[in-house]
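Below is one structure; the comments refer to it alone.
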Amino acid sequence: MVKPVLDGTVVLVTGASSGIGAAAAASLAAQGAAVALAARRADRLEAVAAGIRDQGGTALVLECDITDEQQAAGAVERTVAELGRLDTLVNNAGVMLLGPVAGAPLPEWQQMVALNVLGLLYCAHAALPHLLRAAAEGPRQVADMVNISSVAGRAARTGNGVYSLTKHGIGAFSESLRQEVARRYVRVCLVEPGATATELASHNRPEVLQAIRSQFGQTMQAADIADAITYIVTRPRHVAVNEMLIRPTEQER
């Protein structure tokens, strides 16, 4: 019997309580990985974990807020302590708060920078030594960091100024880190989803939410992005997918 590709490896997924994070965790568990699930909503994490365990997988629930440096580092350390190692980090947690720059509530900007940028950096910083160790000593001799960005990380448009700023920043960080660790077999990939049916847009103010809904028609499902993430991390050691832009067929921009 052929072993699943990720058998013997450990994955940490942030923002794993719903949407892309939950779908990615289930998909990677189906490939044999033990999965650590990090997010603030413990009840939602328990439900995702139960689904993975029902399929014979291993899931660890980590209730945490990664905008807190200590909690982010603690999630990584608990993953390693309880599951034995860390081979893949999926930096998925994020928030999208859109609207004009003029008159915008400053706390919305602060929230996006705290989660989309600082939270990702805290997790990446804590995880990188373990990923380097996994690449040198692990069962697959390769490790992965997958950073979830957005089409907004490609092009700034009216109404997404600060959100786009955070996602462009993720792209710059990912490419710089990729160059730094490529020869040590830690693969860094940037995933840029287009319109996807998740909770992401629901956190916007009512007037902004109405405008968002009028802009988008066809959407992808979280499972579509999870499928892409799974493809990326299951490539053979000598293949690295550096960047993946994914849009619904009908989305023009």
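The values are calculated or read from the model by the stated rules, or taken from the named source; none is laboratory data. Owing to the predicted nature of the structure, the values given are computational and were not obtained by experimental measurement. As a convention, Cβ positions derive from the backbone with ideal geometry for all residues, glycine included, and neighbour counts pool all protein chains shown.
Check whether at least one residue in the stretch 49-61 is within 24 Å of residue 96 (Cα to Cα) and in contact (Cβ under 8 Å) with a residue 12 or more places away in the chain, and report yes or no.
no
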TODO: Restrict the check to the stretch 127-138 and report whether at least one residue is over 26 Å from residue 195 (Cβ atoms), touching a residue at least 60 places away in the same chain (Cβ under 8 Å) and touching a Leu at 6+ places or on another chain (Cβ under 7 Å).
DONE: yes
Task: Test set (1) at pLDDT 95 or above; (2) surrounded by fewer than 24 Cβ atoms within 10 Å (Cβ to Cβ) - residue 90 fails condition number - done: (2)
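Run down 63, 82, 69 and say which single residue is over 30 Å from residue 245 (Cβ atoms) and buried (at least 16 other Cβ atoms within 10 Å of the Cβ).
On the way: 82 fails: buried (at least 16 other Cβ atoms within 10 Å of the Cβ); 69 fails: buried (at least 16 other Cβ atoms within 10 Å of the Cβ).
Going through 63, 82, 69 in turn, just one is over 30 Å from residue 245 (Cβ atoms) and buried (at least 16 other Cβ atoms within 10 Å of the Cβ): 63.
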Task: Exclusive hit being modelled with pLDDT of 95 or more, in a helix (DSSP H, G or I) and buried (at least 21 other Cβ atoms within 10 Å of the Cβ), set 177, 131, 190 - done: 131
TODO: Please work out which one of (1) of a type in the set (Gly, Ala, Ser); (2) under 18 Å from residue 227 (Cα atoms); (3) touching an Asp or Glu at 6+ places or on another chain (Cβ under 8 Å); (4) buried (at least 21 other Cβ atoms within 10 Å of the Cβ) is the condition residue 15 fails and give its number.
DONE: (3)
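Is one or more of the residues making up the stretch 96-105 of a type outside the set (Gly, Ala, Ser), modelled with pLDDT of 95 or more and surrounded by fewer than 23 Cβ atoms within 10 Å (Cβ to Cβ)? Steps first, please.
Taking the stretch 96-105 as the starting set, the residues that turn out to be of a type outside the set (Gly, Ala, Ser) are 96-98, 100-101, 105.
Those left that are additionally modelled with pLDDT of 95 or more: none.
No: the stretch 96-105 contains no residue that is of a type outside the set (Gly, Ala, Ser), modelled with pLDDT of 95 or more and surrounded by fewer than 23 Cβ atoms within 10 Å (Cβ to Cβ).
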